[in-house]
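K.L.:
First, the structure itself, so that you have it in front of you.
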Amino acid sequence: MSKILTTQLIGVLQKIQQNEDDAIEETARLLAQAAIGQGTVYFACFDEMQGVAQNAMFSAEPMAKVALWTADAVITETDRVCIFTRHANDAEALVLAQQLYDAFIPFAAIACELANHDNQLSELAYTYISLNLRGAILPHPTKLGERTVMPSLLAALFVYEAIKLSYDEMLTADEDEEDGIQSPFG
């Protein structure tokens, strides 16, 4: 069964890479705006997606200028917010998204559903990344016709790491420019 799980997970991650590569780059650029300026990157992670915020803040390689969003956080126009939620219709995530949208604060959103006109979160967000997960990915071993294993956190961590790679590159390039170092790739 672990071979099937591995195959299915590889498929999930490849689909994200193929379909969301541009959105990942745009999200990194959006978040880097705060880090390069005087702002903070807030991670607003709901339910199991709180694992992404924990990783961003406490991993061996934490993300620069990141803070955990709380309901009493004071977010300014120099800040950026990255919302991670399993479902785009999560009530708390939508309330935050609407508040940010109304305050003209650009934010990113990551959820399982595809971006479309029925997906209010994707409509409000400056950038939106779909985890391309419609449900569990494996047939249930004992319940015929049912499925199991919903890898939304694993897929979100993959997206986070992809964002962070570009984000770190952008911050390093900005530091090099401040130091007067010319990039050989510029």
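The values are calculated or read from the model by the stated rules, or taken from the named source; none is laboratory data. A quick note: this is a predicted structure, and the numbers were derived from the prediction, not measured. Just so you know, the surface numbers come from the protein's heavy atoms only, side chains and all, with ligands and any DNA or RNA stripped out. Shrake-Rupley method; radii C 1.70, N 1.55, O 1.52, S 1.80 Å.
K.L.:
If each DSSP helix of 4+ residues adds -39,500 (n - 2.57) and the sum is divided by the residues in the chain, what number results at 222 nm, nearest 500 deg cm²/dmol?
P.N.:
On the way: 5 runs with 88 residues, N = 186.
Value at 222 nm, helices only: -16000 deg cm²/dmol.
K.L.:
Something else about it: Under 25 Å Cα-Cα from Lys164, which lysines qualify once same-chain neighbours fewer than 8 residues away are excluded?
P.N.:
Within the straight-line limit of under 25 Å, Lys164 reaches these lysines: Lys15, Lys65.
K.L.:
Also: Mind listing the long-range amide H neighbours of Ile83? Cut-off is under 5 Å, sequence gap 5 or more, other chains count too, H placed in the peptide plane at 1.01 Å from N.
P.N.:
The list, which skips near neighbours in sequence, is Ala44, Ala108, Ala109, Ile110.
K.L.:
Could you give each residue of the range 121-126 its phi-based ³J(HN,Hα) in whole Hz, using Karplus coefficients 6.51, -1.76, 1.60 with θ = phi - 60°, and x for Gly or Pro?
P.N.:
4, 5, 6, 7, 6, 5
K.L.:
For the chain, what mean projected area does the convex hull of the alpha carbons give, in nm²?
P.N.:
Here the figure is 12.7 nm², rounded to one decimal.
K.L.:
Give me the accessible area per residue for the range 13-78, probe 1.4 Å, as a whole number in Å².
P.N.:
With the other protein chains kept in place, the range 13-78 gives 54 Å² per residue.
K.L.:
Is any helix in the chain, taking whole DSSP H runs, at least 15 angstrom long along its axis by alpha carbon and on average at least -0.5 on the Kyte-Doolittle scale, and which ones?
P.N.:
Going by DSSP H runs, the hits are 2-36, 91-102, 152-178.
K.L.:
Moving on. Within the accessible area of the chain, what % is carbon and sulfur when the probe is 1.4 Å and the other protein chains stay in place? Display every interim value, and only then the final one.
P.N.:
Working: 5570 of 10560 Å².
Using a 1.4 Å probe with all protein chains present, the chain comes out at 53 percent carbon and sulfur.
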